[in-house]
Amino acid sequence: MSTRRSHSFGSILFPTDHSETSRAALPYALKLAQNFGAVLHILHVDVLHGAGTDSESEGEGHSQLLDALHSETGELLDHLVHAKRGRGVEVRRAQERDVAAAPAILRYCDEHDVDLIVMATHGRRGIRRLVLGSVAEEVVRYSNRPILTLRNDPQETAGRHILVPVDFSEVTSQVAHFAAAVAKMTNSTLELMHVIEVSYGPLVAEALPEIPEALPEELEAKAAQKLDELAESMHMDRSAIKTRVANGPVAHTILERIEQGDVGLVIVGGHGRTGMSRFLLGSVCERVVAQASCPVLTIKDPERQPAD
């Protein structure tokens, strides 16, 4: 694997299972490739569920199915290019065979030094087809590359806010600065959100009396001050940055905020630190990826994100 750090999204990988959800997300990946001048890799993984069955008739039928699916994607892509939505984009189609989809996607990323992965999060189940609902979460879990996940047709997302959950760790602060650059480029409003979730109860407090019991008002005030300091460090028009402190289960609270309908993109750091008033961005990130109704950009390694 190359050790270089990307300063732009020069190559974008779009794994597809040829489902309606994947086909709806393809124009989004194509538009990103066009905007960044990136090479778009379209990958289909032939999942070998029945590796022990080598029936000749099954092999012939499966081959015909793959040919039909490849042709279908090609026709859609040709239509988009003809409509000027993807003109000038270099497209590379690829097919891998593996016992599972996620390892094949991760391997392809390493072999081709992919800068950004764009994935639909709900594929249809079928014979030796990607099940992108669970595969996307697995790729998010194990890849250190930026991953943009799309649950619904992106054209239905009209929100102009970029939501950035912040736990005040170094990673999420760096991600917030990257989100500020995206907000400037897209003329969007940036919203920094911190969720307070006190995870210890009476039994823990009794066993560990040295833990101070901070009042919710004190936690909120400290969080609000930190968010203001972070916002001031971004060199943006302060009117374009909003801050929000909320209370409750972290993933649920973030998803509730998204459902208000004005959020067009969530940018989340993939590694948060554990602690009071912090969130476990491992499991939280996966829940947001799986359930968010708007696109989610997950960044684990801030050094891989493009410069302004």
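Taking the options T73, T16, name whichever one is within 16 Å of A120 (Cα to Cα), modelled with pLDDT of 65 or more and surrounded by 13 or more Cβ atoms within 10 Å (Cβ to Cβ). One residue alone meets the criteria, T16.
Of all residues in region 19-35 being over 17 Å from the mean Cα position of the chain (by Cα) and not in a loop (DSSP other than H, G, I, E, B), which is modelled with the highest pLDDT? Step through it out loud before you land on a result.
As a first pass, look at region 19-35 and keep what is over 17 Å from the mean Cα position of the chain (by Cα): 19-20, 23, 34-35.
Subsequent filtering for residues that are not in a loop (DSSP other than H, G, I, E, B) retains 20, 23, 34-35.
Values: E20: 79, R23: 81, Q34: 86, N35: 83.
Within region 19-35, the match that is modelled with the highest pLDDT is Q34.
Condition check: in contact with a strand residue (DSSP E or B) (Cβ under 6 Å, 6 or more places away or on another chain) and at pLDDT below 90. Does V266 satisfy that?
Numbers: in contact with a strand residue (DSSP E or B) (Cβ under 6 Å, 6 or more places away or on another chain): yes; at pLDDT below 90: no.
It is false that V266 is in contact with a strand residue (DSSP E or B) (Cβ under 6 Å, 6 or more places away or on another chain) and at pLDDT below 90.
In the set (1) buried (at least 18 other Cβ atoms within 10 Å of the Cβ); (2) modelled with pLDDT under 85; (3) of a type in the set (G, A, S), the condition left unmet by G88 is number (1). If only one of A83, A38, A94 is surrounded by fewer than 16 Cβ atoms within 10 Å (Cβ to Cβ) and modelled with pLDDT of 85 or more, which one is it? The unique qualifying residue is A94. For region 176-198, does any single residue satisfy the condition of being touching a helix residue (DSSP H, G or I) at 6+ places or on another chain (Cβ under 9 Å) and either at pLDDT below 80 or not assigned by TED's automatic domain parsing to the domain that holds V245 (or both)? Within region 176-198, one or more residues are touching a helix residue (DSSP H, G or I) at 6+ places or on another chain (Cβ under 9 Å) and either at pLDDT below 80 or not assigned by TED's automatic domain parsing to the domain that holds V245 (or both).
The values are calculated or read from the model by the stated rules, or taken from the named source; none is laboratory data. Everything numeric in this text was worked out from a predicted model, so none of it was measured. Neighbour counts run over all protein chains shown; Cβ positions are idealised from the backbone, glycine included.
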